[in-house]
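Read through the structure below, which is laid out as structure tokens, and then see the notes.
The values are calculated or read from the model by the stated rules, or taken from the named source; none is laboratory data. Treat the numbers as computed from the prediction; the structure is a model and nothing was measured. Counting neighbours? That spans all protein chains shown, and the Cβs are built from the backbone with ideal geometry, glycine included.
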Amino acid sequence: MNLALRDIRHNLGRFLLTCLGLGLLLGVALAMVGIYRGVVEEALSLAHGLRADLWVVEAGSRGPFAEASRIPGDVREAVARLPGVIAAGGVTFQTVEARHAGGPDAAPAPEPGLAEDWVRERLGEAGRQRIGTVLRLQVVGYEPDRPGGPPSIVEGRGIGRGRREMVADRGSGLAPGAMVEMGGVRFRVVGLTARAVSTGGDPVGWITLRDSQELQFRLTPPAARRAQQGGGGGQPQDTVNAVIARLSPHARVEEVAAGIRRWKHFAALTAPEQEVVLTRSVVERARRQIGLFTVVLLLVSAVIVALIVYTLTMDKMREIATLKLIGAPDGSIVALVMQQALMLGAVGFAGGTTLLLAAKDAFPRRVLLGPEDVGSFGLVVFGICLLASLLGVRYALRIEPAQALGG
Amino acid sequence: MRAPLVELVGVAKGFGEGEARVQALSDITLSAMPGEVVGLRGPSGSGKSTLLNLVACILEPDAGLLRLAGETVWQGRWAPGDLRALRREKIGFIFQFHNLLPFLDAIDNVALALTLNGVPLAEARRRARDLLDYLQVGKRASAMPAKLSGGEAQRVAIARALANHPRIILADEPTAALDSERAQVVMDLLRRVAREQSATVLVVTHDEKIFSRFDRLIGLRDGRIETETRPSTAEDV
């Protein structure tokens with residue numbers, strides 16, 4: 001006869017209400033685990049998507065994600081000529097506040113030739129007037145047919161040879177055909193990718209390297225731009241943030257990297273080194289913050305479970321005293337308390353997990369949960385409930401059988 | 001020759017230390033034979049409940065000798081063995097407010113006492129059903145305690161107390177929550193059980209209406225036995 005189950009059935013409403021509260025708390029804690037995983041996944045998403053074996057960046061920097069890196073565009077030629085390198089491409093990265101008319105569900109623009117008319121109609125006769133919905137994008141400039149382009153197109157097409165085209169991530173809410181304005185230049189979205197985001201969680205947009213260099217120039221402060229145009233200083237326009245290289249399967253990445261590191265003014269990072277920079281440096285604070293918050297939430301859950309179990313045990317003081325008086329062994333009393341704590345945890349965990357899995361796509365940042373995460377979290381909840389029940393067990397074992405007697 | 005089932009010799013019990021010490025029982029000597037229904041009466045603080053708790057092995061005496069069902073349970077210290085198992089096997093308890101577990105129906109409240117003694121659940125439920133029928137509450141077997149009347153609940157509690165055929169039945173104010181008619185029914189039941197099962201029934205009570213149902217009535221005052229009478233006029237049931 002399972003006393004814990006019978007007691008729960010007797011007070012089912014109260015038990016389910018308690019489970020609902022605990023489930024919400026555990027759901028939030030599990031969401032933090034998912035967000036933690038999502039932050040790491042998003043941090044690596046762009047680097048993985050570019051499928052680079054080697055990153056050539058400015059000497060003394062760990063760029064382009066961790067620090068500023070700017071190198072001449074023609075470095076690509078030198079890298080491409082290295083033994084073992086099968087392809088190399090210059091890339092730029094910049095975070096841009098773009099605007100697009102009509103909101104995320106903007107209707108596709110008409111034919112390319114009529115795009116300007118369409119924009120004028122949408123943005124008003126002023127034409128250049130900056131109106132529309134603001135959209136934060138991580139813009140990657142790359143050379144078509146060279147490494148650095150979008151990983152895969154899920155809708156529409158890739159960028160052709162033409163200018164002012166863009167492939168955007170689906171997370172931006174843009175549809176193929178939508179017009180986007182950045183730095184006073186308008187781009188037409190021609191294709192979409194899936195789940196390509198920057199380390200900060202912004203959707204990624206790809207444009208040609210020439211367009212991105214122009215964009216970088218346009219977004220430079222006016223004084224620096226004037227100096228640059230007059231040849232009086234500042235950065236030359238043909239620069240990239242990094243050159244990425246893909247190597248032959250037989251090439252030894254470390255040897256190629258070591259060769260580049262011997263060049264003056266340049267540094268090289270292998271793909272694993274880039275991952276370390278991304279996870280240990282770029283998102284380290286966010287990772288630790290979320291990790292710490294998760295631990296705090298789990299501790300709060302443990303305290304709450306302990307209090308619930310303690311209260312449930314206190315409510316059963318007379319019943320437990322009666323059980324002791326009629327000869328129930330301590331094992332039966334401990335089982336009653338612990339089983340209830342575990343059932344509470346199990347139902348709360350199941351409820352919280354179901355709720356989170358149903359709602360995770362509504363989170364602004366990616367919530368990534370694998371079966372192993374859910375399984376591990378379940379084990380943690382099991383441990384928490386087991387530990388939390390000890391308070392109730394201690395109370396139950398201290399109840400005197402004599403407390404069953406009298407009024 | 002029949003031996004007493006409950007035997008106390010020179011038992012004493014006090015609470016507290018130093019000047020705050022209260023002597024709850026002093027030099028109590030009494031015995032109860034099989035089939036005997038013994039009442040313990042007295043004003044509040046006279047030591048009735050303490051005496052019941054000593055016999056139930058819930059409290060430890062300070063001095064004297066306590067023997068239950070022929071075995072010495074306490075003499076200077078507890079005899080080796082599990083007191084809870086002793087209670088489970090030899091003692092049945094009936095409480096003032098029945099103390100049925102609210103989350104078990106009537107039949108499982110009785111069956112629980114049997115399963116604690118190692119009886120398989122199906123067999124325990126069969127025996128519990130027989131007991132409830134015997135106590136004329138078989139029709140309420142599947143009712144939860146909250147749905148039982150006071151008399152029904154007390155009969156279910158008696159069934160639970162009898163489930164393991166205990167030789168000693170201890171009852172703490174078993175009729176306090178009942179009207180006089182139901183109180184008489186409960187006392188008749190206890191007398192019948194005592195006779196049929198050769199058990200000793202020890203009842204703490206204030207209820208003068210049932211004094212006549214005892215074979216022996218022991219009056220306590222200030223922790224000592226003050227009176228001992230044989231009021232029973234009721235015919236054996």
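Scanning for something over 24 Å from B:G16 (Cβ atoms), facing chain A (nearest Cβ under 10 Å) and among the charged types (D, E, K, R), does the range B:114-130 turn up at least one residue?
Looking for residues that are over 24 Å from B:G16 (Cβ atoms), facing chain A (nearest Cβ under 10 Å) and among the charged types (D, E, K, R), one finds at least one in the range B:114-130, hence yes.
Please enumerate the residues belonging to the range B:66-90 that are more than 18 Å from A:D330 (Cβ to Cβ), hydrophobic (A, V, I, L, M, F, W, C) and in contact (Cβ under 8 Å) with a residue 12 or more places away in the chain.
If the condition is that a residue be more than 18 Å from A:D330 (Cβ to Cβ), hydrophobic (A, V, I, L, M, F, W, C) and in contact (Cβ under 8 Å) with a residue 12 or more places away in the chain, then B:L66, B:L68, B:A69, B:V73, B:W74 are the ones that fit.
Please state which of the following conditions B:W78 fails to meet, knowing it meets all the rest: (1) more than 8 Å from every other protein chain (Cβ to nearest Cβ); (2) within 19 Å of B:T200 (Cα to Cα).
Only one criterion in (1) more than 8 Å from every other protein chain (Cβ to nearest Cβ); (2) within 19 Å of B:T200 (Cα to Cα) is unmet by B:W78, namely (2).
Could you look through the range B:85-110, keep only residues that are part of a loop (DSSP other than H, G, I, E, B) and among the hydrophobic types (A, V, I, L, M, F, W, C), and pick out the one that is nearest to the other protein chains (Cβ to nearest Cβ)?
The extreme case among them is B:F103.
Being in a loop (DSSP other than H, G, I, E, B) and under 22 Å from A:G183 (Cβ atoms) is the filter here, so list the residues in the range A:140-167 that pass it.
Within the range A:140-167, A:E143, A:P144, A:G148, A:G149, A:P150, A:I159, A:G160, A:R161, A:G162, A:R163, A:R164 meet the criteria.
In this structure, does A:L391 turn out to be touching an Asp or Glu at 6+ places or on another chain (Cβ under 9 Å), more than 14 Å from chain B (Cβ to nearest Cβ), hydrophobic (A, V, I, L, M, F, W, C) and surrounded by 17 or more Cβ atoms within 10 Å (Cβ to Cβ)?
Against the criterion (touching an Asp or Glu at 6+ places or on another chain (Cβ under 9 Å), more than 14 Å from chain B (Cβ to nearest Cβ), hydrophobic (A, V, I, L, M, F, W, C) and surrounded by 17 or more Cβ atoms within 10 Å (Cβ to Cβ)), A:L391 does not qualify.
Every residue, every condition in (1) under 20 Å from B:L116 (Cβ atoms); (2) out of contact with any Ser or Thr (no Cβ under 7 Å at 6 or more places or on another chain); (3) of a type outside the set (F, W, Y), yes or no:
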residue	(1), (2), (3)
B:A161	yes, yes, yes
B:A171	yes, yes, yes
B:P174	no, yes, yes
B:A183	no, no, yes
B:D188	no, yes, yes
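For the range A:168-197, how many residues are within 25 Å of A:A362 (Cβ to Cβ) and in a loop (DSSP other than H, G, I, E, B)?
Final tally of qualifying residues: 8.
Under 8 Å between Cβ atoms, which residue pairs at least 6 apart in sequence (or on different chains) link something in the range A:1-18 that is within 10 Å of chain B (Cβ to nearest Cβ) with a partner that is part of a helix (DSSP H, G or I) and surrounded by fewer than 15 Cβ atoms within 10 Å (Cβ to Cβ)?
Close Cβ pairs (under 8 Å, with a partner that is part of a helix (DSSP H, G or I) and surrounded by fewer than 15 Cβ atoms within 10 Å (Cβ to Cβ)) amount to A:M1/B:L121.
So which residues in the range B:214-237 are hydroxyl-bearing (S, T, Y) and either part of a strand (DSSP E or B) or at pLDDT 90 or above (or both)?
Hits for the range B:214-237 are B:T227, B:T229.
For the range A:324-349, enumerate the residues that are touching a residue at least 60 places away in the same chain (Cβ under 8 Å) and within 10 Å of chain B (Cβ to nearest Cβ).
If the condition is that a residue be touching a residue at least 60 places away in the same chain (Cβ under 8 Å) and within 10 Å of chain B (Cβ to nearest Cβ), then A:K324, A:L325, A:D330, A:S332 are the ones that fit.
Determine which single condition B:F211 fails, assuming it passes every other condition in (1) part of a helix (DSSP H, G or I); (2) out of contact with any strand residue (DSSP E or B) (no Cβ under 8 Å at 6 or more places or on another chain).
(2)
Got a number for residues in the range A:37-94 being touching a Gly at 6+ places or on another chain (Cβ under 6 Å) and surrounded by fewer than 21 Cβ atoms within 10 Å (Cβ to Cβ)?
1
Going by what's in this entry, would B:D82 be described as crowded, with 19+ Cβ neighbours inside 10 Å and of a type in the set (D, E)?
no
On the given criteria, is B:A177 surrounded by 20 or more Cβ atoms within 10 Å (Cβ to Cβ), touching a Phe, Trp or Tyr at 6+ places or on another chain (Cβ under 8 Å) and under 24 Å from B:N53 (Cβ atoms)?
Answer is no for this residue.
Any idea which of B:A128, B:A113, B:A124 is crowded, with 22+ Cβ neighbours inside 10 Å and either outside any helix (DSSP H, G or I) or within 17 Å of the chain's Cα centre (by Cα) (or both)? Steps first, answer last, please.
Details: B:A128 fails: either outside any helix (DSSP H, G or I) or within 17 Å of the chain's Cα centre (by Cα) (or both); B:A124 fails: either outside any helix (DSSP H, G or I) or within 17 Å of the chain's Cα centre (by Cα) (or both).
Only one candidate qualifies: B:A113.
Just to be sure, is A:G327 on the phi > 0 side of the Ramachandran plot and either crowded, with 22+ Cβ neighbours inside 10 Å or small (G, A, S) (or both)?
Yes.
Restricting attention to the range A:289-320, which residues are modelled with pLDDT of 90 or more and among the small types (G, A, S)?
Once the filter is applied, which keeps residues that are modelled with pLDDT of 90 or more and among the small types (G, A, S), the range A:289-320 yields nothing.
Do we find a residue being buried (at least 18 other Cβ atoms within 10 Å of the Cβ) and either modelled with pLDDT of 90 or more or within 14 Å of another protein chain (Cβ to nearest Cβ) (or both) anywhere in the range A:364-376?
Looking through the range A:364-376, none of the residues is buried (at least 18 other Cβ atoms within 10 Å of the Cβ) and either modelled with pLDDT of 90 or more or within 14 Å of another protein chain (Cβ to nearest Cβ) (or both).
Taking the conditions exactly as written (within 7 Å of chain A (Cβ to nearest Cβ) and either in contact (Cβ under 8 Å) with a residue 60 or more places away in the chain or over 16 Å from the mean Cα position of the chain (by Cα) (or both)), does B:S44 satisfy them or not?
Answer is no for this residue.
In the range B:48-75, what residues are of a type in the set (G, A, S) and either assigned to a helix (DSSP H, G or I) or within 14 Å of another protein chain (Cβ to nearest Cβ) (or both)? Break it down stepwise before answering.
First pass over the range B:48-75, keeping only residues of a type in the set (G, A, S): B:49, B:56, B:63-64, B:69-70.
B:S49, B:A56, listed by residue number.
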